[in-house]
Every structure is written in C-alpha cells, then in structure tokens.
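Novice: Pasting a structure below so you can have a look.
The values are calculated or read from the model by the stated rules, or taken from the named source; none is laboratory data. Quantities reported herein were computed from a predicted structural model and do not represent experimental measurements. Note that we place each Cβ from the backbone using ideal geometry, even for glycine, and neighbour counts take in every protein chain shown.
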Amino acid sequence: MTALVELSDAHVVHRARGGGVLRRDRVYALTGADLAVAAGETVGVVGESGCGKSTLARLLVGVERPTSGTVALGGRDLWSMPAARRRAAVGTGVGMVFQDPSTALNRRLPVGRVLRDPLDVHRRGTRAERDARVRELMGLVGLPLPLVAALPGQLSGGQRQRVAIARALALEPALLVADEPTSALDVSVRAQILNLLLDLRERLGLAMVFVSHDIQTVRRMSDRVVTMYLGRIVEETPAAEVADRARHPYTRALFSAAPGLLRRVEPIPLTGPVPSATRPPSGCPFRTRCWRADDECAARLPEFTVASRPAHRYRCHHPVEEDRATHDLARPHPREPS
Ligand SMILES: Nc1ncnc2c1ncn2[C@@H]1O[C@H](COP(=O)(O)OP(=O)(O)OP(=O)(O)O)[C@@H](O)[C@H]1O
C-alpha cells in the first residue's frame, strides 16, 4: 500500500550561523531519514532539543526541501513536481499545526478570513459553500460562531490553537503534522487541545505525525514512536511497548526518565552534552553518551535491525535485551570509547 507520506534517505544540511553571520561549518540537521506514514496511523517523534524533529516535520509538509533524498506524498516525489503542483499537493494532502499559534496566525485577519484563506487559494466550491465550510470548521474545533469576526489577538491561546487546527483541516487533508502543538500553551489548556486532536483523529480518520518533548504524551497519542538523536532516526517502536521493550539505549534512557511512566524504575541518567550537529561523532551518534558503547560503535554506524515484532527497528550494535527490565540497565557513567 502506498504511504501517505514517505521520506527516503532524506538529508538536511544547513550552513551554520554564529554571531549573526553564516559560517563555513555545516549543520547536519537530518541525516539519512527513512520514514513512512500510513493512512490513519499516528507516529510520534521524540528526542532532545536540536535532534531534528522540526526539520523532519517541515520536510513532511513540504516547507523545507531536503538537501538530498526524497519526500513523496501519495507516492509522488514532491520536489520533482513543478512548484504549482507541489503547492497544490501539499495544500490539500497535509495540514500543519505549529508550536505557537500567536506567530502562526496573521494578526490582522479575523478568524473567518484565516479559515477561508486556504479555501480561496485552492478555489474550493462557491462563495456560499466556503462560508458554510468556515462555519463547519469552527464547530469541528469547538469555537463559538460569533468568534468568526474576532482577531487572533482577541482570543485566548487555546482558542488561537483551535483556529490554527481548523485552518490546517480546511482542505480535508489525510495527514496532520503537529509540531509541539501544546508547548506554547498554558498547562491548563494543554489537555483540551490534545483531546481535541485525539477526537478529530477519530472522527476524521486522520493520520498524524506528532512531535513533542513530552514523551509521555507522545506515547499516549501514538501508534508508533520514532526516536531521533543528533539528526538520525535511531529507533521506531510500537508505542505500547516503547517504555519496556525499546532496544536502543537512548530510547530506554528517555523513557526511564519520563515522570510517572515507569514508577518502579530508576531513571537512567543521560550524562554529558549532546555533541554538536556541526561535528557529529563517527559511527553511532549516541556512542559518546552511551554506557554500552565500545570501539565498534566508534568505528561503524550500525545498520537498522528489524526486531521480532513488526513495526520495531533500531540502529544499535549493543541493543538492550528485550526482556531486560529498564531498572537493570543503568550504569553510573558512560564509557568513552577510545
Ligand atoms: N535554518 C537553519 N540554519 C542553521 N541551522 C539550523 C537551521 N534550522 C535548524 N538548524 C539546526 O538543525 C538542528 C536540528 O534543528 P531542529 O529545529 O530540527 O531540532 P528540534 O529537534 O526540532 O529542536 P527543538 O526541540 O529545540 O525544536 C539544530 O542543530 C538546529 O540548530
């Protein structure tokens, strides 16, 4: 079956910035990413700050072009299409919800115009049908109809994110990509927005890519969890098993530290800094912080191993034993390989 969206060997390399100027160094924001998202499934993306989560999300919605590799939407390579066709394919195929609705919405446009805009751009239906669709979208995300005339600045943060979600859904995409959709919101409204996303997913049969620092939430929202480290996907695990059966030491460490997730388990400390994305280590990117690393990890990037269970693969020379409880795994200090 054709994936809704598929990244194949996607790389994103930037020129580094420092003191406001471009430097000669390269930033390896995403390296060799393969990821396919099928209709109706939710894929969560976790990893520490700077590991490339947003870069991956931007590739999936066609706002960033891979330096090499491909992004295919419905089996068609986005970046080999003429620009107008690419915009049409992305506009109707994928919706994106960003972290901060205050900056994602045009402050001068009332809610009704924000929601009409994609319908106008893609010439959906008659004027009356577009007006009806705007009203339908407001109902879908739980916004009272009188707010159709309000400016984004007159809304609460949660209401603004509802507008952003409604806009992303205006053209009935099969996939919604949400990049930290609640992290800019008050804690009190985060659960409401997450519940809205879950509800919309059920009602509309959406596929979703959900990026977040909050790995508990990712686990709860997702069918499959993708772990990223320093620009690479290092593991994909069925969400129900990620806390106990992940094989990559980094995934285990991340989930062992999630508050409340594994109450009987001592967190595995992630010691030492994340290496710079301008100079990733040789071999396995995680080996400088990994308590299981040895010379092999420095010498060679591990290939993906497909685990016994479907939808589980990991890149590690010394994976954690599947049946080993997480609390057995911690070591006081990672060993620095020679
Ligand atoms: N336009 C750019 N120019 C230079 N470097 C960039 C650019 N965009 C991203 N980067 C770098 O690429 C790497 C990946 O960034 P990205 O925003 O994808 O990470 P992230 O995991 O989403 O981080 P966060 O969780 O903090 O949002 C980082 O090192 C970042 O500094």
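Novice: Which of the residues that make up the stretch 157-189 are in a loop (DSSP other than H, G, I, E, B), modelled with pLDDT of 95 or more and of a type in the set (S, T, N, Q)?
Specialist: none
Yes or no, residue by residue, for (1) modelled with pLDDT of 85 or more; (2) closer than 25 Å to Gly44 by Cβ:
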{"position": "Arg252", "(1), (2)": "yes, yes"}
{"position": "Leu261", "(1), (2)": "no, yes"}
{"position": "Pro285", "(1), (2)": "yes, yes"}
{"position": "Arg289", "(1), (2)": "yes, yes"}
{"position": "Ala299", "(1), (2)": "yes, no"}
{"position": "Glu303", "(1), (2)": "yes, yes"}
{"position": "Ser308", "(1), (2)": "no, yes"}
{"position": "Ala311", "(1), (2)": "no, yes"}
{"position": "Leu329", "(1), (2)": "no, yes"}
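Novice: Next up: Here are some residues: Gly153, Gly157. Which one is on the phi < 0 side of the Ramachandran plot and exposed (fewer than 12 other Cβ atoms within 10 Å of the Cβ)?
Specialist: Exactly one residue qualifies, and that residue is Gly153.
Novice: Within the group Arg15, Arg65, which residue is over 13 Å from the mean Cα position of the chain (by Cα), in a strand (DSSP E or B), surrounded by fewer than 16 Cβ atoms within 10 Å (Cβ to Cβ) and not assigned by TED's automatic domain parsing to the domain that holds Arg315?
Specialist: So the residue among Arg15, Arg65 that is over 13 Å from the mean Cα position of the chain (by Cα), in a strand (DSSP E or B), surrounded by fewer than 16 Cβ atoms within 10 Å (Cβ to Cβ) and not assigned by TED's automatic domain parsing to the domain that holds Arg315 is Arg15.
Novice: Same structure, new question: If we keep just the residues of the stretch 32-49 that are surrounded by 21 or more Cβ atoms within 10 Å (Cβ to Cβ) and within 12 Å of the ligand (Cβ to nearest atom), which is nearest to Tyr250 (Cα to Cα)?
Specialist: The residue in question is Gly47.
Novice: Among what's in the stretch 181-216 and is among the polar types (S, T, N, Q) and touching a residue at least 40 places away in the same chain (Cβ under 8 Å), pick the residue that is surrounded by the most Cβ atoms within 10 Å (Cβ to Cβ).
Specialist: So, considering only residues that are among the polar types (S, T, N, Q) and touching a residue at least 40 places away in the same chain (Cβ under 8 Å), the one surrounded by the most Cβ atoms within 10 Å (Cβ to Cβ) is Ser212.
Novice: Within the stretch 50-72, count every residue that is more than 6 Å from the ligand (Cβ to nearest atom), among the hydroxyl-bearing types (Ser, Thr, Tyr) and within 17 Å of Leu230 (Cβ to Cβ).
Specialist: 1
Novice: State which residue pairs qualify: first residue on the phi > 0 side of the Ramachandran plot and inside the stretch 229-257, second residue of a type in the set (Asp, Glu) in any location, beta carbons under 9 Å apart, and separation of 6 or more residues or different chains.
Specialist: Close Cβ pairs (under 9 Å, with a partner that is of a type in the set (Asp, Glu)) amount to Leu230/Glu48.
Novice: If you check Glu172 against the conditions, is it assigned by TED's automatic domain parsing to the domain that holds Thr42, free of Cβ contacts under 8 Å to residues at least 12 places away in the same chain, more than 16 Å from the ligand (Cβ to nearest atom) and acidic (Asp, Glu)? First the steps, then the outcome.
Specialist: Working: assigned by TED's automatic domain parsing to the domain that holds Thr42: yes; free of Cβ contacts under 8 Å to residues at least 12 places away in the same chain: no; more than 16 Å from the ligand (Cβ to nearest atom): yes; acidic (Asp, Glu): yes.
No: the conditions fail for Glu172.
Novice: Here's a check for you: in the stretch 18-55, which residue that is of a type outside the set (S, T, N, Q), assigned to a strand (DSSP E or B) and touching an Asp or Glu at 6+ places or on another chain (Cβ under 6 Å) is farthest from Gly74 (Cα to Cα)?
Specialist: Here is the first cut: in the stretch 18-55, the ones of a type outside the set (S, T, N, Q) are 18-30, 32-41, 43-48, 50-53.
Narrowing the set further to residues that are assigned to a strand (DSSP E or B) leaves 18, 21-30, 32-37, 43-46.
Remaining after also requiring touching an Asp or Glu at 6+ places or on another chain (Cβ under 6 Å): 32, 36.
Details: Gly32: 20, Ala36: 11 Å.
Ranking the candidates gives Gly32 first.
Novice: Does Ser156 qualify as being within 16 Å of the ligand (Cβ to nearest atom) and in the same structural domain as Val63 (by TED's automatic domain parsing)?
Specialist: No, not satisfied.
Novice: Counting residues that are modelled with pLDDT under 95 and in contact with a Leu (Cβ under 6 Å, 6 or more places away or on another chain), which helices (runs of 4 or more DSSP H) fully inside the stretch 79-145 reach at least 2?
Specialist: So the answer is 83-93.
Novice: Do we have any residue at all in the stretch 28-38 that's of a type outside the set (Gly, Ala, Ser) and modelled with pLDDT under 95?
Specialist: Step one: filter the stretch 28-38 for residues of a type outside the set (Gly, Ala, Ser), giving 28, 30-31, 34-35, 37.
Still in the running and modelled with pLDDT under 95: none.
There is no residue in the stretch 28-38 that is of a type outside the set (Gly, Ala, Ser) and modelled with pLDDT under 95.
The rows are residues; the columns are (1) within 26 Å of Thr271 (Cα to Cα); (2) surrounded by fewer than 19 Cβ atoms within 10 Å (Cβ to Cβ); (3) polar (S, T, N, Q).
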{"residue": "Ala170", "(1), (2), (3)": "no, no, no"}
{"residue": "Val177", "(1), (2), (3)": "no, no, no"}
{"residue": "Met221", "(1), (2), (3)": "no, no, no"}
{"residue": "Gly231", "(1), (2), (3)": "yes, no, no"}
{"residue": "Glu236", "(1), (2), (3)": "yes, no, no"}
{"residue": "Ala239", "(1), (2), (3)": "yes, yes, no"}
{"residue": "Arg247", "(1), (2), (3)": "yes, no, no"}
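Novice: If you don't mind, another one. Pick from Ala33, Ala57, Ala29: which is of a type in the set (A, V, I, L, M) and out of contact with any Gly (no Cβ under 9 Å at 6 or more places or on another chain)?
Specialist: Testing whether each residue is of a type in the set (A, V, I, L, M) and out of contact with any Gly (no Cβ under 9 Å at 6 or more places or on another chain) leaves just Ala57.
Novice: Take the conditions touching a Cys at 6+ places or on another chain (Cβ under 7 Å) and not hydrophobic (A, V, I, L, M, F, W, C) and apply them to Gly205. Does it pass?
Specialist: Here the answer is no, as Gly205 does not meet what is asked.
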